[in-house]
Amino acid sequence: MGSSDGFSDEILANRDYTAEIPDECLAYVFQFLGPGDRNRCSLVCKRWLCVDGWSRHRLSLDAQSEIEASLPSIFMRFDSVTKLTLRCSRRSISLNDGALVAISVRCQNLTRLKLRGCREISDEGMSTFAKNSKNLSKLSCGSCTFGAKALNAVLDYCSNLEELSVKRLRGIHDGAEAIGPGAAASSLKTICLKELVNGQSFEPLVVGAKNLKALKIIHCLGDWDRVLQLIGNRNRNGKENLHLNNYNSNGNNDALMEIHLERLQVSDIGLSAISKCTKIENLHIVKTPDCSNYGLVSVAENCKLLKKLHVDGWRTNRIGDEGLVAVAKHCPNLEELVLVGVNATHLSLGAIASNCSKLERLALCGSGSIGNTEIACIAAKCMALKKLCIKGCPISDIAIEALGSGCPSLVKIKLRKCRGVSCEAGEWLREQRGSLVINMDACEVDGGFEASVSNGGIHEVGVDYPQVVSQVTDRDASTSSNGRLALLRSKFGLFASRNFVACTFRRWSNNEDSFNGNL
């Protein structure tokens, strides 16, 4: 009897309880695991190896030439891949045309492709790949050597292409052939161009994409006013045609909703042109020194659906109160505002706080004119504000005291490089608002920062910024010792010196475009 019980216990101990789980359920569980955990699970047994293979839809490969011989076995195992990333370092030789064509033959369900550093892939290889991958909906390529011919082939054969991202493409040079929308004219919804020598070769593509919703042009050489004028005229003509033909006003001729302009040669002419795209909700004007209040006023007056506005004035003082007051007057739906190097005052910030009742996210960085008065105005009027970032502005403990009783919806605040704000003020604010998440540096250093908005966030690099330092010292030294917080300082003592801690103020909203993040 005892031996029989021992035998039963041994059977139960060696029993595979997962054998009763259907393959589909096991595959569903795998979806919640990261790549590393999935790889480890695939080593448990043959069944798990098989389920992981046919259920994995996303695959990333180190695209060195050495793996070419293994490609058949790789894609025999992962035969359901729809999203593929091929990435090769600069020091290695990448996969060539033959390997890319072989992948296109084996991956019949491929819808998304990302290429990074694949310098051995030519125009011919990409053209053949496009012929074999007509279901492609998203292409992102960077630091590759193919050019206009390859992209034209993709646009001609992939009629379902919705997103195109091009960065540092060496084959796009002066004199390159124009790139048109081809068969993807109606499907293309997002275009992102980064760091291109001859970005103007994309003009026919940008203008010809009929249902384009997002356009991002970052650090591309050339004058972009003409391209933006063509886009604006297309939208105006489209609306006129709809009116003349008495069509439904919900047509897609004015579909553009997001424009990101960064480090470009673009002026108020370009901003006035894009103001004709009246459905714009997200606008980034970053380090475009020729843009001024005039262009921003034109956008505000026409784009009344604006929800997100990022302005990096690059400390040129060409965008300020006048443009921001127009935004406050005409854009009541504003939810997110980021101002970097813009010398706004209580006049414009007060108008925005009063008129933009939906404002939830606010960032004020590197401005010598934003002090205690401006923050007190925001604290008193921004009832819906949830996230606040202040960086490199001449505020003091007085501003922190105002935030202690203002902005009732505030859940998170970040303070960086504000020399007039003491650690005691931060502790006092924590005591006053226990549920508030406070992120602040405790010290300061000699030097400053240059903030810039790029891909949905604010980043900083170390450069001298003496203007902010001097204004903080002169403006707020006398006022920071006043009021209730002065008692805290006398109790705990002042810090003789403080050091800045590098920080990054990242995504504000939860629904940022993930495609850009992959660049």
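The values are calculated or read from the model by the stated rules, or taken from the named source; none is laboratory data. What you are looking at is a predicted structure, and each value in this text was computed from that prediction instead of being measured. Note that we place each Cβ from the backbone using ideal geometry, even for glycine, and neighbour counts take in every protein chain shown. The accessibility values were calculated without ligands, DNA or RNA, using every heavy atom of the protein model including side chains. Shrake-Rupley method; radii C 1.70, N 1.55, O 1.52, S 1.80 Å.
Somewhere in segment 89-98, is a residue in a strand (DSSP E or B), under 30 Å from the mean Cα position of the chain (by Cα) and not small (Gly, Ala, Ser)? Give the steps one after another, and end with the answer.
Within segment 89-98, the subset in a strand (DSSP E or B) is 94.
Remaining after also requiring under 30 Å from the mean Cα position of the chain (by Cα): 94.
Subsequent filtering for residues that are not small (Gly, Ala, Ser) retains none.
The answer is no; no qualifying residue exists.
Hey, can you tell me all the residues within segment 262-275 that are surrounded by fewer than 24 Cβ atoms within 10 Å (Cβ to Cβ) and either within 12 Å of PRO289 (Cβ to Cβ) or not small (Gly, Ala, Ser) (or both)?
Across segment 262-275, the qualifying residues are GLU262, ARG263, GLN265, SER267, ASP268, ILE269.
Here is a check on your reading of the model: is ASN343 more than 24 Å from LEU305 (Cβ to Cβ) and in a loop (DSSP other than H, G, I, E, B)?
Details: more than 24 Å from LEU305 (Cβ to Cβ): yes; in a loop (DSSP other than H, G, I, E, B): yes.
So ASN343 fits the description; yes.
Output the number of residues of segment 106-118 satisfying the condition of being modelled with pLDDT under 95 and either open to solvent by 30 Å² or more (accessible area, probe 1.4 Å) or assigned to a strand (DSSP E or B) (or both).
Qualifying residue count for the region: 3.
When ASN317 is evaluated against the numbered criteria (1) open to solvent by 40 Å² or more (accessible area, probe 1.4 Å); (2) touching a His at 6+ places or on another chain (Cβ under 6 Å), which criterion, by number, is the only one it fails?
Against the list (1) open to solvent by 40 Å² or more (accessible area, probe 1.4 Å); (2) touching a His at 6+ places or on another chain (Cβ under 6 Å), ASN317 comes up short only on (2).
May I ask you to list the residues in segment 406-431 that are within 17 Å of ILE378 (Cβ to Cβ) and surrounded by fewer than 18 Cβ atoms within 10 Å (Cβ to Cβ)?
Within segment 406-431, PRO408, SER409, VAL411, LYS412 qualify.
Filter segment 298-308 down to the residues that are open to solvent by 30 Å² or more (accessible area, probe 1.4 Å) and assigned to a helix (DSSP H, G or I) and list them by number.
GLU301, ASN302, listed by residue number.
Only residues that are among the aliphatic types (A, V, I, L, M), open to solvent by less than 10 Å² (accessible area, probe 1.4 Å) and in a loop (DSSP other than H, G, I, E, B): list them for segment 202-227, please. Working first, answer last.
Narrowing segment 202-227 to residues among the aliphatic types (A, V, I, L, M): 205-207, 209, 212, 214-215, 217-218, 221, 227.
Subsequent filtering for residues that are open to solvent by less than 10 Å² (accessible area, probe 1.4 Å) retains 205-206, 209, 212, 214-215, 217, 227.
Within segment 202-227, ALA209, LEU212 qualify.
Select from segment 57-79 the residues that are surrounded by 15 or more Cβ atoms within 10 Å (Cβ to Cβ) and part of a loop (DSSP other than H, G, I, E, B) and write down the one among them that is nearest to the chain's Cα centre (by Cα).
If we take residues in segment 57-79 being surrounded by 15 or more Cβ atoms within 10 Å (Cβ to Cβ) and part of a loop (DSSP other than H, G, I, E, B), then HIS57 is nearest to the chain's Cα centre (by Cα).
Looking at segment 327-340, can you tell me whether even one residue there is touching a residue at least 40 places away in the same chain (Cβ under 8 Å), in contact with a Cys (Cβ under 9 Å, 6 or more places away or on another chain) and under 20 Å from ASN293 (Cβ atoms)?
Yes, segment 327-340 contains at least one residue that is touching a residue at least 40 places away in the same chain (Cβ under 8 Å), in contact with a Cys (Cβ under 9 Å, 6 or more places away or on another chain) and under 20 Å from ASN293 (Cβ atoms).
In segment 27-55, which residues are more than 30 Å from the chain's Cα centre (by Cα) and basic (Lys, Arg)?
Selection gives ARG40, LYS46, ARG47.
Have a look at GLU360, GLU374 and point out the one that is touching a Lys or Arg at 6+ places or on another chain (Cβ under 6 Å), closer than 23 Å to ALA300 by Cα and of a type outside the set (Lys, Arg).
Details: GLU374 fails: touching a Lys or Arg at 6+ places or on another chain (Cβ under 6 Å).
Answer to the check: GLU360.
Please go through (1) closer than 19 Å to SER354 by Cα; (2) under 21 Å from the mean Cα position of the chain (by Cα); (3) surrounded by 20 or more Cβ atoms within 10 Å (Cβ to Cβ) for ILE285 and return the number of the only condition it doesn't satisfy.
Here ILE285 meets the rest and fails (1).
Please work out which residue is surrounded by the fewest Cβ atoms within 10 Å (Cβ to Cβ), limiting yourself to segment 88-99 and to residues that are within 17 Å of ILE121 (Cβ to Cβ) and either out of contact with any Cys (no Cβ under 8 Å at 6 or more places or on another chain) or not assigned by the TED database to the domain that holds SER133 (or both). Spell out how you get there, then give the answer.
Of segment 88-99, the ones within 17 Å of ILE121 (Cβ to Cβ) are 88-90, 92-99.
Narrowing further to those that are either out of contact with any Cys (no Cβ under 8 Å at 6 or more places or on another chain) or not assigned by the TED database to the domain that holds SER133 (or both): 89-90, 92-93, 96-99.
Details: SER89: 11, ARG90: 8, SER92: 13, ILE93: 12, ASN96: 16, ASP97: 18, GLY98: 14, ALA99: 21.
Across segment 88-99, the extreme among qualifying residues is ARG90.
So, in segment 353-369, of the ones that are over 26 Å from the mean Cα position of the chain (by Cα) and free of Cβ contacts under 8 Å to residues at least 60 places away in the same chain, which residue ends up farthest from GLY406 (Cα to Cα)? Full working, then the answer.
Going through segment 353-369, the residues over 26 Å from the mean Cα position of the chain (by Cα) turn out to be 354-355, 368-369.
From the residues that got through so far, the ones that are free of Cβ contacts under 8 Å to residues at least 60 places away in the same chain too are 354-355, 369.
On the way: SER354: 14, ASN355: 17, SER369: 21 Å.
Only one residue tops the list, namely SER369.
Out of (1) at pLDDT below 95; (2) under 17 Å from LEU212 (Cβ atoms), what's the single condition that is false for ASN241?
Here ASN241 meets the rest and fails (2).
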